[in-house]
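These notes concern the structure reproduced below.
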Amino acid sequence: VAAELVHAATLLHDDVIDQGMERRGGPAARVVYGNAASVLGGDHLLIEALDRVRRVGHSGLLADLLAVIGEMVAGEALQLERRGRFEPDPDVYNRVLAGKTAALFRWSMTAGATIAGLPTPQVDALALAGESLGMAFQLVDDALDLAGDPATLGKDGLLDLKEGKLTWPLIVACERDPGLHTLLATIASDPSLLDDPDRCQRLRKRLLDTGCIQATQARAKASADTAREALSSLPKTPARDA
């Protein structure tokens, strides 16, 4: 529950930072209640999450969650600092990915294992599984932003690009089609260029033609395989199978 509260808080805050209008097909909280209420709501959820962990009575878990929230803030800050200028830097992407997504997945897995009293090697295995699963999750989300059906996803296609976010498919596409770098940098500085549906469609086709989606899916599968392998060290149970 604490992990989900932290996640929900980041969504409220992200929509304010990104000036998002929709969240999964519905109006974002900031649209309904305003930015101030969304920020305060996110703060409230963070406090509730930390208090829940405190009440468990395991000081190490609370310290770890505080560190994870710090990683998430750093990842968001790095992403924000790069907004408005497209630089296909794999190292930057990996740092944002580790901070914004993988860190909370990792903590979620280790928290339950720690409270359950599992031995250190099994806690470490779950940490690796969580981190790897978090990476796979974000990579698939990146791919869906480019290749998914907007009606099904509940958000506009190419939304990450419009918001100036660096994603793995875009990095791969620029490596395979260097001319895209200048084009995407221009769009990052003026997202209104994507308001033209025809231009948007042509850009999407050019990106997809590089095979960037398949490459992203392959990396996501590799991360998922790492998670499965880490879980294989645990006793066989229905939970592990799930």
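Looking across the range 57-100, just one residue is touching a helix residue (DSSP H, G or I) at 6+ places or on another chain (Cβ under 6 Å), modelled with pLDDT of 90 or more and not in a helix (DSSP H, G or I), and that is P88.
Within the range 49-81, being charged (D, E, K, R) and open to solvent by 60 Å² or more (accessible area, probe 1.4 Å) holds for R52, R54, R55, D64, E71, E81. A residue that is among the polar types (S, T, N, Q) and crowded, with 19+ Cβ neighbours inside 10 Å can be found somewhere in the range 132-150. Quick check on my filter: what residues within the range 46-67 are within 19 Å of the chain's Cα centre (by Cα) and free of Cβ contacts under 8 Å to residues at least 60 places away in the same chain? Those that are within 19 Å of the chain's Cα centre (by Cα) and free of Cβ contacts under 8 Å to residues at least 60 places away in the same chain: L46, L66, A67.
When the range 14-45 is examined, which residues are found to be touching a residue at least 40 places away in the same chain (Cβ under 8 Å), part of a helix (DSSP H, G or I) and either open to solvent by less than 50 Å² (accessible area, probe 1.4 Å) or of a type in the set (S, T, N, Q) (or both)? Correct list: D14, D18, L45.
Every condition in (1) more than 17 Å from the chain's Cα centre (by Cα); (2) surrounded by 22 or more Cβ atoms within 10 Å (Cβ to Cβ) holds for E87 except the one numbered (2). When A185, A224 are screened for being open to solvent by less than 40 Å² (accessible area, probe 1.4 Å), over 29 Å from D64 (Cβ atoms) and assigned to a helix (DSSP H, G or I), only A185 passes.
Note on the range 101-125: residues that are open to solvent by less than 20 Å² (accessible area, probe 1.4 Å) and more than 19 Å from G70 (Cβ to Cβ) amount to 2. Summed over the range 188-200, the residues that are assigned to a helix (DSSP H, G or I) and farther than 23 Å from V96 by Cα give a count of 8.
The values are calculated or read from the model by the stated rules, or taken from the named source; none is laboratory data. No experiment lies behind these values; they were computed from the predicted model shown. Positions of Cβ are generated from backbone atoms using ideal geometry, with glycine treated the same way; all protein chains shown enter the neighbour counts. Ligands, DNA and RNA are stripped out before the accessible areas are found, and what is left, the full protein with its side chains, is counted by its heavy atoms. Shrake-Rupley method; radii C 1.70, N 1.55, O 1.52, S 1.80 Å.
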